Amino acid sequence: MIEVDWDRFESLCLAAITAVGGGEPTARALTRAVLAAERRGNAAVGAAHLIDYLNALDAGRLNGTPRPVIRNDHRAVVTVSADDGVAQLAFDQARETLTAAARECGVAVFSLSDSFPVGELGYYTSALAEEGLIALAGANSSALMSLYGAPDALTGTNPLSFALPGEPLRLMDQASSTVAWVKIRDAAAAGEPIPLEWALDSEGDPTTDAAAALLGPVLPFGGVKGSNIAMVIELLAVLSGGLFSMDSPDFASGDQAPRVGMFLLAIDPVAFDADYLDRVEGHFERLRSRYGIDFGRYYSTVDRLAVPEAVLARLESIAAGTRRV
């Protein structure tokens, strides 16, 4: 790991995205999301995951200059087509419409389609929580995970995120799988084994071989329970036309856009009870003092950024134009 100055890393991300075809709005939206993930200590969807976006831009399966189409045909419904671009840009452009709808109606739903996989889902829910709204979100991706014991990948790892406004802001962000797919990929690259309960191989058998696991599906957490949650998220993620995971082209290879979706529920707590957040904080204090439970505060705040040496070198060479991806 190499320690990097935050400002230098931001400039590096912007330059690398632009070098492979990302327009300025895409570069800025994606860089903000990468920095946010790293600051929360969620490195799996930070700098290392940026390489996936760069690869997709270079290959043409990610539109670097999209024009998201925002619709607000119903007062509490905001739908957005990402135009095969990054979800972060589509969300940023629709955010004002969504928050206004939530404040007017008490509740509003954002539905995204035609998008590249969303990255850190907590990026979206925490952004709304910073505006004083409660947020619940889920998203799908290209098929990576088995369901109900099937030997094949049927959904994405279909994360779920919840954020609650306040000081501190409380955030939950977790996949429906036993582990993030990128951790299996990292283990394969390092030649390291994985736990038997993480994934199946191409024959549908449990495996500790990370390279073999990349040819089969990741497993849901909790068996049927995780499968149920993943399926609910899948159904909500495609509300406005996003592709089901089984129909979505691979986000990591080829030249076809994945065109997956995301849903986000925004709730204005004041519309229900002006004292709600105070009551909730009192409940958290009771859980904390009696049992040591502090829901939603498990993310670390990273002051000093450290990036894997290979990732940093790759970003530097892409930004300098000495290599594509």
Test: residue in segment 180-189 that is surrounded by 15 or more Cβ atoms within 10 Å (Cβ to Cβ), farther than 24 Å from S300 by Cβ and in contact (Cβ under 8 Å) with a residue 12 or more places away in the chain: yes
G41 vs. criteria at pLDDT 95 or above, open to solvent by 40 Å² or more (accessible area, probe 1.4 Å) and small (G, A, S): no
Filtered residue count, segment 153-171, keeping only those that are open to solvent by 30 Å² or more (accessible area, probe 1.4 Å) and either at pLDDT 95 or above or closer than 18 Å to P308 by Cβ (or both): 4
Filter result (of a type in the set (G, A, S) and surrounded by fewer than 22 Cβ atoms within 10 Å (Cβ to Cβ)) within segment 44-71: A44, A48, A59, G60
Boolean, V280 is touching a residue at least 12 places away in the same chain (Cβ under 8 Å), open to solvent by 40 Å² or more (accessible area, probe 1.4 Å), assigned to a helix (DSSP H, G or I) and closer than 26 Å to L133 by Cα: no
Failed item, numbered, when S11 is tested on (1) small (G, A, S); (2) within 22 Å of G321 (Cα to Cα); (3) open to solvent by 10 Å² or more (accessible area, probe 1.4 Å); (4) touching a residue at least 12 places away in the same chain (Cβ under 8 Å): (4)
Answer residue from segment 301-325, given it is closer than 10 Å to A15 by Cα and not acidic (D, E) and is nearest to the chain's Cα centre (by Cα) among those: L315
Given (1) within 20 Å of L171 (Cβ to Cβ); (2) surrounded by 14 or more Cβ atoms within 10 Å (Cβ to Cβ), index of the condition V307 fails: (1)
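The values are calculated or read from the model by the stated rules, or taken from the named source; none is laboratory data. The shown structure was predicted, so the numbers you read here are calculated from the model rather than taken from an experiment. Because the Cβ atoms are built from the backbone with ideal geometry, glycine has one as well, and the counts that use them run over all protein chains shown. Accessible surface areas use protein heavy atoms only, side chains included; no ligands, DNA or RNA. Shrake-Rupley method; radii C 1.70, N 1.55, O 1.52, S 1.80 Å.
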